[in-house]
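*Asks:* Please find one structure pasted underneath; my questions will follow.
The values are calculated or read from the model by the stated rules, or taken from the named source; none is laboratory data. All values reported here derive from a predicted model rather than from experimental measurement. Neighbour counts run over all protein chains shown; Cβ positions are idealised from the backbone, glycine included.
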Amino acid sequence: MKRRLITLYRIIHTGIVNFIRNISLAVAAIAVMVVTLTIVLFSVITNATFTNTIGQITSKIDVSVFLKESVTDAQAESFASEVRQQPDVAKVIYLNKQQALQTYINENQGNQDLITAVNETGNPIPATIEVFPKNLNNINEIESYLTQPQYSAMQISGSPSYNGDKKVAIDNITHATDVLRKIGIITIAVFAVICALIIFNTIQMAIFNRRDEITIMRLLGASTGYIRGPFIVESIIYGILSGVLSVLIINSAFLAANGALQASSLGLLDISYANQYFDTYFWRLLALQVAIGIIIGAVSSIIATRRYLKFKTQ
């Protein structure tokens with residue numbers, strides 16, 4: 001056990017020394033890896049932000065059912081109870097005439113003339129049942145259920161209504177999210193391949209520069225793992241540094257947006273929420289970046305050493 005620990009220490013120490021020696025060769029590999037990991041992190045934060053935006057808008061969309069004057073509170077409550085049992089319904093709120101009037105007044109606080117007109121005409125706002133769908137794609141199913149003859153007879157217009165503008169907004173955001181996600185995946189894949197190739201070539205050059213040293217180690221009976229280990233450690237250092245740098249870049253971008261730019265949103269991207277998400281999951285995101293960097297570096301190094309040192313795999 002002690003011998004293994006000593007061997008591991010020597011491999012790590014040699015890898016660190018080799019990294020310092022070959023820092024000029026490592027700059028290109030680290031730079032490309034930083035770009036790759038920054039894109040990965042930005043994609044994760046953007047996806048979470050768009051998902052939150054869609055969720056916020058979705059929670060504000062409801063199908064409204066306006067009831068006739070003849071419908072009693074008991075009938076309305078029974079109607080609402082039956083709607084609540086539907087699998088596509090997330091929440092149902094019943095507002096009697098007084099509650100519906102107060103809600104209308106609260107929503108139009110900025111239009112005093114409209115509020116005055118409503119109060120002067122008594123209470124023209126009908127009792128309302130607000131139905132919130134679990135998924136916007138199921139709104140048509142909910143409307144079909146609400147327009148059944150036994151329910152349609154209780155409604156003023158005979159058919160429910162909902163704010164279509166919000167649904168259009170969600171459709172646009174969803175489409176933009178899907179497009180950006182696909183672009184992000186393709187971009188990440190391209191840069192990951194470029195990054196792996198650069199690390200591959202960097203390790204190849206390092207092997208070439210130390211070919212005499214490697215030959216002597218083989219003649220002295222050094223094991224495959226002992227010779228390969230420092231190269232893998234060197235690549236892992238690339239990944240760790242790149243992961244940390246990518247997080248620092250994103251953090252600097254948020255500081256610039258919140259400070260110098262004083263921006264709370266950028267198009268569809270809610271910068272305030274993105275910043276909050278980044279702060280909340282900072283350590284997880286940092287661990288993710290470092291882990292991805294280590295995987296890319298280690299895999300590239302293993303392939304390079306196996307290819308160019310011609311180690312036996314058995």
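*Asks:* Is segment 193-203 home to any residue that is touching a helix residue (DSSP H, G or I) at 6+ places or on another chain (Cβ under 9 Å), over 24 Å from Val17 (Cβ atoms) and at pLDDT 90 or above?
*Replies:* No: zero hits.
*Asks:* Inspect all residues belonging to segment 32-43 and state whether any of them is over 14 Å from Leu245 (Cα atoms) and not aromatic (Phe, Trp, Tyr). Even if it seems obvious, please write down each step before you answer.
*Replies:* Step one: of segment 32-43, the residues over 14 Å from Leu245 (Cα atoms) are 43.
Filter again for not aromatic (Phe, Trp, Tyr), leaving 43.
Scanning segment 32-43, I find at least one residue that is over 14 Å from Leu245 (Cα atoms) and not aromatic (Phe, Trp, Tyr), so the answer is yes.
*Asks:* If you go through segment 25-75 one residue at a time, how many are part of a loop (DSSP other than H, G, I, E, B), over 20 Å from the mean Cα position of the chain (by Cα) and in contact (Cβ under 8 Å) with a residue 24 or more places away in the chain?
*Replies:* Quick first cut of segment 25-75, residues part of a loop (DSSP other than H, G, I, E, B) only: 59-62, 68-72.
If we keep only those that are over 20 Å from the mean Cα position of the chain (by Cα) too, we end up with 60-62, 68-72.
Those left that are additionally in contact (Cβ under 8 Å) with a residue 24 or more places away in the chain: 60-62, 68-69, 71.
Total satisfying the criteria: 6.
*Asks:* Taking segment 251-291 as the region of interest, how many residues are modelled with pLDDT under 65 and out of contact with any helix residue (DSSP H, G or I) (no Cβ under 7 Å at 6 or more places or on another chain)?
*Replies:* Total meeting the criteria: 6.
*Asks:* Somewhere in segment 133-147, is a residue exposed (fewer than 14 other Cβ atoms within 10 Å of the Cβ), modelled with pLDDT of 75 or more and either within 30 Å of Ile296 (Cα to Cα) or more than 38 Å from the chain's Cα centre (by Cα) (or both)?
*Replies:* Looking for residues that are exposed (fewer than 14 other Cβ atoms within 10 Å of the Cβ), modelled with pLDDT of 75 or more and either within 30 Å of Ile296 (Cα to Cα) or more than 38 Å from the chain's Cα centre (by Cα) (or both), one finds none in segment 133-147, hence no.
*Asks:* Okay, moving on. Would you point out the residue of segment 213-258, among those that are closer than 21 Å to Ala298 by Cβ and hydroxyl-bearing (Ser, Thr, Tyr), that is surrounded by the fewest Cβ atoms within 10 Å (Cβ to Cβ)?
*Replies:* My answer is Ser223.
*Asks:* Here's another thing I want to ask about it. In segment 90-111, how many residues are within 20 Å of Met154 (Cβ to Cβ), β-branched (Val, Ile, Thr) and touching a helix residue (DSSP H, G or I) at 6+ places or on another chain (Cβ under 6 Å)?
*Replies:* 1
*Asks:* With respect to Ile105, is the statement that it is free of Cβ contacts under 8 Å to residues at least 40 places away in the same chain and outside any helix (DSSP H, G or I) true?
*Replies:* Values: free of Cβ contacts under 8 Å to residues at least 40 places away in the same chain: yes; outside any helix (DSSP H, G or I): no.
No; evaluated as a whole, the condition is false for this residue.
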